[in-house]
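Have a look at the structure below, then the notes.
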Amino acid sequence: MTAKELVFSGVQPTGNLHLGNYLGAIVNFVKLQDTHDCIYCVVDLHAITMWQDPAELTKATREVAAAFIAAGIDPRTHIVFNQSQVSAHAELAWVFNCVARLGWLNRMTQFKEKAGKDRENASVGLYAYPSLMAADILVYRATHVPVGEDQKQHLELTRDIAQKFNNDFGDQIRAQGVDSGLFFPMPEPLITGPATRVMSLRDGTKKMSKSDPSDYSRINLSDDADAIAQKVRKAKTDPEPLPSEEKGLETRPEADNLVGIYAALSGRAKADVLREFGGGQFSNFKSSLVDLAVDKLGPIGAEMKRLTADPGYVDGVLSDGAARARVLADATVNAVKDIVGFVRAK
């Protein structure tokens, strides 16, 4: 891996990967392969911040890896692995726990949302999740991170941790031969595409989620063509024709969501989609969306099914990726140990 710009991102293996995961993350992962060196991680350490059934965690880890490959990520050219196979993530996370400040973590809105009202019963891991996310990124000294809007705050914290480490240990970093004293880079967010936030097919004001009790609220990446078609046709709409301009979507969340999905799947802007379908009824638009969704997502679901039927192959991809990731991550952690003042075997 020789390019100066390195991308790192991860997906939690918590089951039921859906269209929102694909359009908000995986489709961009695939595109970035052409311009960056990429490391894509199944973040199973993050998954257990909330209790997971062990058998389901194993299955979901393989499913995410299969989705990466089925969507077009090349695990030979880039790196695909699961987080728990590279111990440097956890080691660096502990150092970062000691660099990050309590007040910084207290401001993290995702902890408040996930812990809910009963924060006293939330795991320490859930609270310290952002330190581990910072370690995931910085252990590879990644320069760019494709993230959703809900993770942007965590990336800002990653930058704060990197800056404080560089400041706290500037003399030691320069002693390692880094003249600038900047051991860790300031990773930049990559938030791209017309559908970075895909909403529920049953309620356009809520984010598409695997936890929604209605399976009709989402298109799962594992859905076959019939299921995709049925869910699109049953997606909530309103009685008005599609508008011809984007401003006409502002008070119509369901219409806005479906147009955004069409735009993202077709690689077009919303305005282009509305120029084609504006003024028409939803029934005609939905028929076109069914054809597009089946064409784009059907092959991914079929390939995921084929790959998950061969767990030995998927495990081999993860093991090979972990071995390659370990070389990079261990080099960073060993340097950090020297900078901090730990005595280690040479």
| HN-Hα J couplings of segment 104-120 from phi, Karplus 6.51/-1.76/1.60, θ = phi - 60°, integer Hz, Gly and Pro as x? | 5, 5, 5, 8, 6, 6, 5, 4, 4, 5, 6, 6, x, 6, 9, 5, 5
| query | For the chain, what is the relative contact order in percent, using Cα pairs closer than 8 Å and at least 6 residues apart in sequence? | reply | 23 percent
| message | If packing is taken as the average number of other Cβ atoms within 10 Å across a peptide's residues, how do 318-327, 38-47 rank, most packed first? | response | 38-47, 318-327
| note | Karplus ³J(HN,Hα) for segment 235-242 (6.51 cos²θ - 1.76 cosθ + 1.60, θ = phi - 60°; Hz, whole; x = Gly/Pro) runs 4, 5, 9, 10, x, 7, x, 5
| request: Calculate the dipole size of segment 13-131 relative to its Cα centre from +1 charges on Lys and Arg beta carbons and -1 charges on Asp and Glu beta carbons; express the result in debye to the nearest 20. | output: 320 debye
| query | Hey, of [x] -0.52; [y] -0.42; [z] -0.35, which did the structure itself give for log10 I(q)/I(0) by the Debye sum over Cα atoms at q = 0.08 Å⁻¹ when calculated? | reply | [y]
| message | Suppose we keep just the DSSP beta bridges with both residues in the chain; what percent of those would be antiparallel, to 5? | response | 10 percent
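Full extension from Thr58 to Arg197: what is 0.36 nm times the residue separation minus their Cα-Cα distance, to one decimal in nm? Write down the numbers at each step before the final one.
Values: separation 139, 0.36 × 139 = 50.04 nm, distance 2.73 nm.
Stretched out fully, the Thr58 to Arg197 stretch lengthens by 47.3 nm.
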| Which aspartates and glutamates have a Cα less than 13 Å from the Cα of Lys164, not counting those fewer than 8 places away in the same chain? | Glu156
| message | Among 330-336, 86-92, how do they line up by average Cβ neighbours within 10 Å per residue, starting with the highest? | response | 86-92, 330-336
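If you put +1 on each Lys and Arg Cβ and -1 on each Asp and Glu Cβ, how big is the dipole of segment 200-272 around its Cα centre, in Debye rounded to 20?
The dipole of segment 200-272 has a size of about 180 debye.
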| note | Taking r as the C-beta separation of Arg326 and Asp168 and R0 as 30 Å, the FRET efficiency to the nearest 0.05 is 0.70
| note | At the level of C-alpha centres, the distance separating segment 1-66 and segment 273-320, in angstrom, is 17 Å
| task | Leaving out ligands and nucleic acids, note down the accessible area per residue over the chain with a 1.4 angstrom probe, in whole Å². | result | 47 Å²
| task | Please find the FRET efficiency linking Ser288 to Ser87, where r is the Cβ-Cβ separation and R0 is fixed at 45 Å, and quote it to the nearest 0.05. | result | 0.35
| query | Over segment 132-268, what is the relative contact order in whole percent, taking alpha-carbon pairs under 8 Å and six or more residues apart? | reply | 21 percent
| For the residue pair Asn334 and Ser180, what label-to-label distance in nm results when each label sits 7 Å from Cα along the Cα-to-beta-carbon direction? | 2.4 nm
| field | Relative contact order %, segment 15-95, counting alpha carbon pairs below 8 Å whose residues are six or more apart | value | 43 percent
| query | What is the gain in length, in nm to one decimal, between Ala309 and Lys112 on full extension, counting 0.36 nm per residue of separation less the C-alpha to C-alpha distance? | reply | 67.1 nm
| request: Take peptides 75-82, 139-146 and line them up by average Cβ neighbours within 10 Å, highest first, as a rough protection proxy. | output: 139-146, 75-82
| request: Place +1 on the Cβ of every Lys and Arg and -1 on the Cβ of every Asp and Glu in segment 59-107, take the dipole about the Cα centre, and give the residue among Phe81, Ala60, Asn97 whose Cα lies farthest towards its positive end. | output: Asn97
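With +1 on the Cβ of every Lys and Arg and -1 on the Cβ of every Asp and Glu, and nothing else charged, how large is the dipole of the chain about its Cα centre, in debye rounded to the nearest 20? Don't skip to the end; give the middle numbers.
Working: 40 positive and 44 negative charges, 77 e Å.
Dipole size: approximately 380 debye.
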| message | Taking a virtual spin label 7 Å from the Cα of Ser209 along the C-beta vector, which residues in segment 39-57 bring their backbone nitrogen under 19 Å of it? | response | 47-53
| query | Using modelled backbone amide H atoms (1.01 Å from N, in-plane), which distant-in-sequence or interchain residues come within less than 5 Å of Gly10's amide H? | reply | Cys41
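The values are calculated or read from the model by the stated rules, or taken from the named source; none is laboratory data. Computed from a predicted model, the values in this text were never measured in an experiment. Backbone-built Cβ (ideal geometry, glycine too); neighbour counts: all protein chains shown. In case anyone asks, the SASA skips ligands and DNA or RNA and just uses the protein heavy atoms, side chains included. Shrake-Rupley method; radii C 1.70, N 1.55, O 1.52, S 1.80 Å.
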